Amino acid sequence: IVKIYLPVPDATQKDTMVLRWQAVDRNLANDPISLEWSDAPKGPWIPIAAADTLGSNASVAKRLANTGSYGWKLPSNFPTHKVYLKVSARDVAGNVAEATTAQPILVDLNKPSAVKLNIVGAGN
């Protein structure tokens with residue numbers, strides 16, 4: 001059983017979303033979790049954590065431990081403002097369960113700015 005939850009901003013790291021999930025199975029594989037994003041509800045899916053071992057293809061999703069959360073540092077040139085998220089979990093027999101967000105998640109890396117106007121009201 002796999003569930004995905006809405007991400008939350010990471011209070012300690014700029015431009016980072018904490019992705020959260022729950023994966024339950026008596027026989028989960030070692031490092032059973034894969035995380036991916038897409039700008040469309042049916043994909044194509046792009047790995048959030050890409051495999052980084054020598055000789056691996058960067059387009060292959062890295063399998064992660066079932067910790068329930070992952071800090072996703074978004075690049076400054078991220079190509080879209082809305083994403084769908086998918087979490088996949090594998091068991092030792094190779095069965096895969098997936099959960100995706102039903103609605104797109106807003107990705108806004110723009111830092112809010114404000115201008116202070118020193119307006120003083122006239123006295124009566």
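The values are calculated or read from the model by the stated rules, or taken from the named source; none is laboratory data. Keep in mind that this is a model prediction, so the values were computed, not measured. Reconstructed Cβ throughout: ideal geometry from the backbone, glycine too, with neighbour counts over all protein chains shown. Please note that ligands, DNA and RNA were not included when accessible areas were found on the heavy atoms of the full protein model with its side chains. Shrake-Rupley method; radii C 1.70, N 1.55, O 1.52, S 1.80 Å.
Quick notes
- Scanning the range 17-31 for residues that are surrounded by fewer than 16 Cβ atoms within 10 Å (Cβ to Cβ) and under 20 Å from Lys62 (Cβ atoms) returns Gln22, Asn30, Asp31.
- Residue match in the range 8-15 (condition: open to solvent by less than 30 Å² (accessible area, probe 1.4 Å) and either of a type in the set (Gly, Ala, Ser) or under 24 Å from Ser76 (Cβ atoms) (or both)): no
- Residues in the range 61-99 that are among the basic types (Lys, Arg) and outside any loop (DSSP other than H, G, I, E, B): Lys73, Lys82, Lys86, Arg90.
- All of (1) surrounded by 12 or more Cβ atoms within 10 Å (Cβ to Cβ); (2) of a type in the set (D, E, K, R); (3) without any contact (Cβ under 8 Å) to a residue 12 or more places away in the chain hold for Lys62 with one exception: (3).
- Members of the range 75-123 that are aromatic (Phe, Trp, Tyr) and at pLDDT below 85: Phe78
- Test: residue in the range 41-56 that is in contact (Cβ under 8 Å) with a residue 40 or more places away in the chain, under 15 Å from Ile1 (Cα atoms) and open to solvent by less than 90 Å² (accessible area, probe 1.4 Å): no
- Close pairs from the range 1-24: first more than 16 Å from Ala65 (Cα to Cα), partner outside any strand (DSSP E or B) and basic (Lys, Arg), Cβ under 9 Å, at least 6 apart: Lys14/Lys111
- Test: Leu35 is among the hydrophobic types (A, V, I, L, M, F, W, C), at pLDDT 90 or above, outside any loop (DSSP other than H, G, I, E, B) and surrounded by fewer than 17 Cβ atoms within 10 Å (Cβ to Cβ): no
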